[in-house]
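The values are calculated or read from the model by the stated rules, or taken from the named source; none is laboratory data. The structure presented is a predicted model; accordingly, all values stated were derived computationally and were not measured. Note: ideal-geometry Cβ built from the backbone for every residue, glycine included; neighbour counts use all protein chains shown. Each accessible area value is taken on the protein alone, full model and side chains, heavy atoms only, with ligands, DNA and RNA left out. Shrake-Rupley method; radii C 1.70, N 1.55, O 1.52, S 1.80 Å.
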Amino acid sequence: MSLKGKSLKGKTLFITGASRGIGLAIGLRAARDGANVAIAAKTAEVHPKLEGTIFTAAEAIERAGGRALPLTVDVRDEEAVKTALDETAKQFGGIDIVVNNASAISLSNTPKTEMKRFDLMHQINTRGTYMVSKYAIPHLERAENPHILMLSPPLDMAEKWFAPHLAYSMAKFGMSLCVLGLAGELRGRGIAVNALWPRTTIATAAVQNLLGGDALMQASRTPAIMADAAHAVFLREAKGFTGHFLIDDTVLSEEGVTDFSKYRVTAGVPLAPDFFVPDTSVAPPGALD
């Protein structure tokens with residue numbers, strides 16, 4: 001299907017965890033079309049180990065050509081979520097797209113996972129995704145082409161994804177279960193619900209600080225590949241495209257992209273595979289070269 005000529009100009013996106021990384025990249029891609037972007041994240045003040053705040057993200061969105069609304073939101077806080085969605089709709093006249101990007105990660109095995117860390121991951125990843133989606137539905141029902149996108153993995157129930165870090169995997173797969181259920185629940189209302197996941201690691205703060213440092217960053221793709229893939233999803237007709245568990249380079253290949261080299265952090269360094277990509281998922285020709 002060709003999406004050439006289509007745009008997100010004038011559309012309103014509500015993105016959780018959008019102060020940096022993939023969430024910000026998705027917002028910037030939409031902003032280049034002239035979209036409105038609500039940046040719903042916790043970071044209102046500079047963090048010693050993390051780049052960006054909701055305010056620096058808002059400045060970047062506006063420099064890119066969009067309109068921004070920075071909102072201090074903890075997705076565990078029900079009232080904060082409801083208020084932020086209502087404020088976004090009031091500011092921009094509605095909400096067209098919701099991106100559930102906020103996530104917590106801890107790659108620890110069961111004996112080493114503190115229950116407070118378990119609770120944090122489940123409250124942000126699964127419960128936060130469910131709650132943001134729940135309170136977004138009334139707004140999305142009024143949109144022309146409404147989408148909900150979870151940044152969560154395909155539901156590949158393989159032991160190898162759960163055994164090394166059960167608590168984290170449960171929390172991420174909980175986001176994907178929201179896709180499975182909400183796609184069916186909302187199909188009749190014309191609201192698309194899909195998941196998007198990267199084939200390779202993405203150069204984000206989590207990769208730098210928690211997963212593999214500089215070496216893994218060099219073996220990663222930039223957040224731009226996820227942003228471009230998400231953009232392509234949002235341009236598809238919601239009524240005919242829901243309940244899919246998508247991989248970034250496959251989405252772009254379907255749109256005619258053949259050169260993926262621009263997404264590499266470092267040319268020539270073999271790309272590192274991300275977790276949760278099913279063995280049956282084959283990369284497009286040349287995508288990993």
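Over the chain, dividing the summed -39,500 (n - 2.57) contributions of all DSSP H runs of at least 4 residues by the number of residues returns a 222 nm mean residue ellipticity of -11000 deg cm²/dmol. Using a Gaussian network model of the chain in which every pair of alpha carbons under 10 angstrom is joined by a spring, one finds that among Leu107, Leu182, Leu246 the greatest mean-square fluctuation is at Leu107.
Positive contributions from Lys and Arg (+1) and negative ones from Asp and Glu (-1), summed over other residues with Cβ under 12 Å from the Cβ of Met226, come out at -1. Seen from His122, the other residues with C-beta closer than 12 Å to its C-beta sum to a net charge of +4, counting Lys and Arg as +1 and Asp and Glu as -1. With a Förster radius of 45 Å applied to the C-beta separation of Asp289 and Leu155, the computed FRET efficiency comes to 0.95.
Applying the Karplus relation 6.51 cos²θ - 1.76 cosθ + 1.60 with θ = phi - 60° to the stretch 187-194 yields 3J(HN,Hα) values of 4, x, 9, x, 9, 7, 10, 9 Hz, where x marks Gly and Pro.
Summing charges over neighbours of Leu8, with a neighbour being any other residue whose Cβ is under 10 Å away from its Cβ, gives +3 when K and R count +1 and D and E count -1. Label positions at Ser261 and Ala44, each projected 7 Å from the Cα along the C-beta direction, are separated by 4.7 nm.
Under 1.5 on a/c is rounded, so check that first for the chain, then, if it is not, pick prolate when a/b is larger than b/c and oblate when it is not; a ≥ b ≥ c are the square roots of the alpha carbon gyration tensor eigenvalues. In terms of gyration-tensor shape, rounded. Placing dummy labels 7 Å off each Cα toward the beta-carbon, the span from Leu180 to Met115 is 2.7 nm.
In percent, rounded to a whole number, the relative contact order of the stretch 112-217 is 31, using alpha-carbon pairs under 8 Å and six or more apart. Considering only Ala215, Pro285, Met226, and ranking their Cα positions along the charge dipole of the chain that arises from unit charges at the beta-carbon of Lys, Arg, Asp and Glu, the one farthest toward the positive end is Met226. What a 1.4 Å probe finds exposed on the chain is 53% carbon and sulfur by accessible area, rounded to a whole percent. Taking the DSSP beta bridges with both ends in the chain, the antiparallel portion is around 5 percent.
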